[in-house]
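None of the figures in this text is laboratory data; all of them are computed from the coordinates on show. Predicted model only: the values in this text are computed from it and were never measured. Here the Cβ is made from the backbone with ideal geometry for all residues, glycine too, and neighbour counts use every protein chain on show.
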Amino acid sequence: MTAHLLRLLDSYGGERLDGSIKTALERGTPHPRSVQMILEAADQLSNEAPRVDVDLPDDPRVREIAVRPHDLAAYDALRSTGDLADTDDASAQEASDGE
């Protein structure tokens, strides 16, 4: 039970976990799975993406990796010039011609 609650703490943080534990106790369902369901229901109501736990090895080459996001302005420029849209339309036309 403790391990499950610790995983929830890592995923959701202390404030949210504390609130969900209180809710589970008020409902008379004092079990980690109940707490998890309360947390997941709150995520669904707020349209948050589902949480995915990632278990990384202790290798520092993996843990210290930094991923830099790329500037997406070039893709926006393609869309605004119509080049990307023309390619999509041509592919769709070829697919319908083959039927």
Only Lys, Arg, Asp and Glu count, each charged at its Cβ (+1, +1, -1, -1), so figure out the dipole size of the range 2-63 about its Cα centre, rounded to 20 debye.
140
Compute the distance in nm between two label points, each set 7 Å from the Cα along the Cα-to-Cβ direction, one at Y75 and one at D58.
3.8
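What ranking do 47-60, 23-36 get when scored by the average of other Cβ atoms within 10 Å per residue, highest first? Could the numbers behind the result be given before it?
Working: 47-60: 7.1, 23-36: 14.2.
Per-residue Cβ counts within 10 Å, averaged per peptide and sorted highest first, yield 23-36, 47-60.
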